[in-house]
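Chemist: Sharing a structure with you now.
The values are calculated or read from the model by the stated rules, or taken from the named source; none is laboratory data. Because the structure is a prediction, the values reported are computed rather than measured. A quick note on method: Cβ atoms are made from the backbone with ideal geometry, for glycine too, and the neighbour counts reach across all protein chains shown. Surface accessibility is based on the protein's heavy atoms, side chains included, excluding ligands, DNA and RNA. Shrake-Rupley method; radii C 1.70, N 1.55, O 1.52, S 1.80 Å.
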Amino acid sequence: MDGEVKPAGAVDRETAATADDKLELRVWLRLLSCANRIEQDVRQELRAAFGMTLPRFDLLSQLERAPAGLTMGELSRRLMVTRGNVTGLIDRLVEEGLVRRTPMPSDRRAAIVKLTPAGAAAFREMLPNHEAVIAAKLGAMKRSDLRQLQSLLGRLKDRLQDRAAGG
């Protein structure tokens, strides 16, 4: 595709696309391919260095950004997973002492989930490794190209959000 030579055996969705496929499809497949490759390295690093899964790291990351805590529903929306998935993650993190679940005073059926001091410390310890993996993957690109890519993806994101809102 686009005159690129792919290494033998490197078959992913993008590689399987042909020049006859629509440009929109090829761009989508390229975005997906890049995201999957970076995510694979992030997953491997988190597991090897900390015994942590990416979903658990992502949950800790969301809580780190919300010191007052988040409800299960808010976590579910932010992580784009079901409440059942969030419940399982939180149960394990509570057992490990990384998060705590506190009933909401206004609604005892709902709970606020917050990082514990141990959870905040664990997240701060993992964050530099996480950032380093991403920097290593994207670091080969020129800064100006990264800025342009960020801008283009920002425009795409805005258009997608506008369409989702009915605009």
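Chemist: Suppose all protein chains stay in the model; what accessible area per residue would a 1.4 Å probe give for the chain, in Å²? Please report the intermediate quantities before stating the final value.
Modeler: On the way: 11390 Å² over 167 residues.
Roughly 68 Å² per residue, with all protein chains present.
Chemist: Turning to a different aspect of this structure: Taking the Cβ of R101 as the centre, find all other residues whose Cβ is under 10 Å away and add up their charges (Lys, Arg: +1; Asp, Glu: -1).
Modeler: Working: positive: R100, K114; negative: D91.
Summing Lys and Arg as +1 and Asp and Glu as -1 gives +1.
Chemist: What is the sum of charges around T116, taking Lys and Arg as +1, Asp and Glu as -1, for the other residues whose C-beta is under 11 Å from the C-beta of T116? Kindly include the intermediate steps, with their values, before the conclusion.
Modeler: Details: positive: R100, R101, K114; negative: E96.
After counting each charged neighbour, the total is +2.
Chemist: Per DSSP H run of at least 4 residues, take -39500 (n - 2.57); add these up for the chain, divide by its residues and hand me the 222 nm value, nearest 500 deg cm²/dmol.
Modeler: The helix contribution divided over the chain gives -21500 deg cm²/dmol.
Chemist: Here's another thing I want to ask about it. May I ask you to give the percent of accessible area on segment 70-155 that is carbon plus sulfur, with a probe radius of 1.4 Å?
Modeler: Working: 3140 of 5670 Å².
In segment 70-155, the share of accessible area belonging to carbon and sulfur is 55 percent.
Chemist: Further, regarding this structure: Convex hull volume of the Cα atoms in the chain, per residue, in Å³?
Modeler: Working: hull volume 28.9 nm³, N = 167.
Dividing the Cα hull volume of the chain by its residue count gives 173 Å³.
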